[in-house]
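Chemist: Structure incoming, see below.
We did not get these values from a lab; they are worked out from the coordinates using the rules stated. These numbers were taken from a predicted model, which means no experiment stands behind them. Don't worry about glycine lacking a Cβ; one is built from the backbone with ideal geometry, like all the others, and counts go over all protein chains shown.
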Amino acid sequence: MSFLYFKALHIIFVVTWFAGLFYIVRLFIYYAEAAEKPEPERSILQKQFSIMQKRLWYGITWPSAVLTLIFGSSIVYVLGLYDPFPSWLIWKLSLVAGLYAYHFLCHKIFRQQQQGVIRYSSTKLRIWNEVATLFLISIVFLVVLKSSLSMLWGIIGLLVFSAVLMLAIRIYKRLREAK
């Protein structure tokens with residue numbers, strides 16, 4: 001029975017973690033775009049986005065990332081999936097490691113923007129925003145299907161989805177520039 005509680009809590013914190021990751025990068029984009037505004041609008045917007053980033057990052061995203069790890073590890077322990085690890089779980093954990101790397105890179109951008117440093121354009125940040133989507137799709141399909149063949153098709157679909165996303169970002173950028 002404890003497994004179901006761990007699983008429910010794990011899913012809840014995965015959802016809140018992803019919500020935080022999706023929204024923090026949107027705030028990075030808004031902060032970067034605010035730098036192009038004239039004063040005093042620029043400083044007012046950047047100050048507000050900085051506050052919003054800090055509250056989101058430390059109040060939701062980081063705690064959710066930690067609790068996701070705790071409850072996910074609890075599920076593996078309770079079910080005894082560690083001896084031996086199923087191949088789908090090894091792939092999932094590899095993707096999760098990539099997701100944590102993405103999280104830490106977002107933390108680096110967060111710290112830079114908290115110091116008023118903007119290293120990436122809003123276009124690059126828009127592309128960066130889609131990386132979490134790719135992780136989400138990959139992990140969910142892998143966990144639900146638990147099959148190497150399905151994973152192969154998932155990777156092919158993911159590559160096609162990535163190409164469509166990049167095309168959509170370019171089209172969106174051109175439409176914005178045309179205005």
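Chemist: What percent do you get for the relative contact order of the range 72-156 when only Cα pairs under 8 Å and 6+ apart count? Numbers along the way, then the final one.
Modeler: On the way: 29 pairs, mean separation 33.0, N = 85.
Across the range 72-156, relative contact order equals 39 percent.
Chemist: Within 10 Å of each residue's Cβ, count the other Cβ atoms and sort GLU130, GLU41 from fewest upward.
Modeler: Working: GLU130 17, GLU41 11.
Lowest count first: GLU41, GLU130.
Chemist: Work out the FRET efficiency for MET52 and ARG119 from their Cβ-Cβ distance, taking R0 = 25 Å, and round it to the nearest 0.05.
Modeler: 0.80
Chemist: Can you give the helix-only mean residue ellipticity at 222 nm for the chain, where every DSSP H stretch with n ≥ 4 adds -39500 (n - 2.57) and the sum goes over all residues, rounded to the nearest 500 deg cm²/dmol?
Modeler: Working: 6 runs with 150 residues, N = 179.
So the helix-based figure for the chain works out to -29500 deg cm²/dmol.
Chemist: Follow-up question, since we're still on this one. Using each residue's phi in the range 20-33, evaluate 6.51 cos²θ - 1.76 cosθ + 1.60 at θ = phi - 60° and report the 3J(HN,Hα) Karplus result to the nearest Hz, with x for Gly and Pro.
Modeler: x, 5, 5, 6, 4, 5, 4, 5, 4, 4, 4, 4, 5, 5
Chemist: If I take R0 = 22 Å and measure r between the Cβ atoms of LEU105 and MET166 in this structure, what FRET efficiency does the formula 1/(1 + (r/R0)^6) give, to the nearest 0.05?
Modeler: 0.70
Chemist: Okay, moving on. In debye, nearest 20: dipole of the range 70-179 around its Cα centre with unit charges on the Cβ of K, R (+) and D, E (-)?
Modeler: Numbers: 12 positive and 3 negative charges, 141 e Å.
Dipole magnitude for the range 70-179 comes out near 680 debye.
Chemist: Relative contact order of the chain, please, whole-number percent, based on alpha carbon pairs below 8 angstrom and at least 6 residues apart. Write out the running numbers ahead of the final one.
Modeler: Values: 132 pairs, mean separation 52.0, N = 179.
So the answer I get is 29 percent.
Chemist: May I pose another question? Kindly provide the trypsin sites (Lys or Arg not before Pro) of the range 1-86 that DSSP labels as loop, not H, G, I, E or B, and whose Cβ sees at most 14 other Cβ atoms within 10 Å.
Modeler: Details: sites: LYS7, ARG26, ARG42, LYS47, LYS54, ARG55; in loops: none.
For trypsin sites (Lys or Arg not before Pro) across the range 1-86 that sit outside H, G, I, E and B with at most 14 neighbouring Cβ atoms in 10 Å, the list is empty.
Chemist: Something else now. In angstroms, what radius of gyration and Dmax does the chain have, counting Cα atoms only?
Modeler: Expressed in Å, the Cα Rg and Dmax of the chain come to 18.6, 60.
Chemist: Work out from phi, with θ = phi - 60° and the Karplus expression 6.51 cos²θ - 1.76 cosθ + 1.60, the ³J(HN,Hα) of each residue of the range 162-169, listed in order in whole Hz, and give x for Gly and Pro.
Modeler: Per residue, the Karplus-derived 3J(HN,Hα) values read 4, 4, 5, 4, 4, 5, 4, 5 Hz.
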